[in-house]
1. Cα axis of helix 37-57 to longest principal axis of the chain: angle in degrees, 0 to 90, nearest 10?
2. Sort out for me the Cα centre separation of region 18-59 from region 193-215, rounded to whole Å.
3. Per residue, how large is the accessible surface of region 1-74? Use a 1.4 angstrom probe and give square angstrom.
4. Taking Cα atoms, how many degrees apart are the long axis of helix 215-238 and the longest axis of the chain, rounded to 10 and kept between 0 and 90?
5. Provide the percentage of antiparallel DSSP beta bridges, counting only those with both residues in region 84-211; round to the nearest 5.
6. How far is it, in nm, from the label point at residue 234 to the one at residue 167 when both lie 7 Å from their Cα along the line to the Cβ?
7. Work out the length of the dipole vector of region 136-196 about its Cα centre, built from +1 on the beta-carbon of each Lys and Arg and -1 on the beta-carbon of each Asp and Glu, and round it to the nearest 20 debye.
8. About the Cα centre, and with charges only on the beta carbon of Lys, Arg (+1) and Asp, Glu (-1), how big is the dipole of the chain? Nearest 20 debye, please.
Amino acid sequence: MRLSDSTWTDVRDVETDLAVLPVGSTEQHGPHAPLGLDSITAESIADEGAERYAAEHGTEVLVGPTIPVGIAAEHRRFDGTLWVSEDTFRAYVTETIESLAAHGFDRVVVVNGHGGNVDALNELCGQVSRAGDAYTVQYTWFDAVAFDDLGHAGPAETSMIRHLRPELIREDRTEAAAVGGADRWGEWVSGTNLAYDSDSFTDSGAVGDPRDGDAELGAELLDEAAASLSELIAAVETRRE
Ligand SMILES: [Zn+2]
């Protein structure tokens, strides 16, 4: 059940305390993939996971609106990247969850599509849960699926979009993405990443080779992510803090 597509009376009448809140980012994903990639993946996984849970358990899950801008200053030197400060992000997501809880949706899984959001989400979800207004955890899809080496705009993310929105992948630019890209995120010395911004180690913005993978891999990743999200929603539903 999508909140943005529902009426207030639909929301009043639905019997569930479960919600998922997609959180994305608007940031460069190489010359071949859209700036909205992380929002598209978060939203699609939230939709699929909620639908799967409803089919398996007979209980609706409210899907909140996708938060489109996150913590992405590391990509700021690539055109079109947008970012907010960690304080702004934490406050905005916290108050969005609190407003869901005010309507009775007080079991909330934040479905995240962007690595830069993870630390702040863990912190704010812990604070909201300890305050007792809601029980909430964050779910980051690429930490839940079996895929080594996510990279950035590499095979996994590019394949997801090849499955979800194929018209948004510029296949004729994947070679340039790979040639000007990096094999690995960051510049590491003694276990420390020296680089704050991604343009210092990738010229194209990509990490990993987006020519690998295809729409079929994307469909498999989406399926796996939706299954693990449904399992997580079930755990959040029954857990009592
Ligand atoms: Zn991404």
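The values are calculated or read from the model by the stated rules, or taken from the named source; none is laboratory data. Just so you know, these numbers come straight off a predicted model, no measurement behind them. For neighbour counting, all protein chains shown are included, and Cβ atoms are generated from backbone atoms with ideal geometry for every residue, glycine included. Calculation scope for accessible area: heavy atoms of the full protein, side chains included, ligands and nucleic acids excluded. Shrake-Rupley method; radii C 1.70, N 1.55, O 1.52, S 1.80 Å.
1. With rounding to tens, the tilt is 40 degrees.
2. After rounding, the separation between the Cα centres reads 22 Å.
3. Accessible area per residue, region 1-74: 39 Å².
4. The two axes meet at around 30 degrees.
5. Taking every DSSP beta bridge with both residues in region 84-211, the antiparallel ones total about 30 percent.
6. Inter-label distance under the simple model: 3.7 nm.
7. The calculated dipole for region 136-196 is roughly 160 debye.
8. Roughly 420 debye, rounded to the nearest 20.
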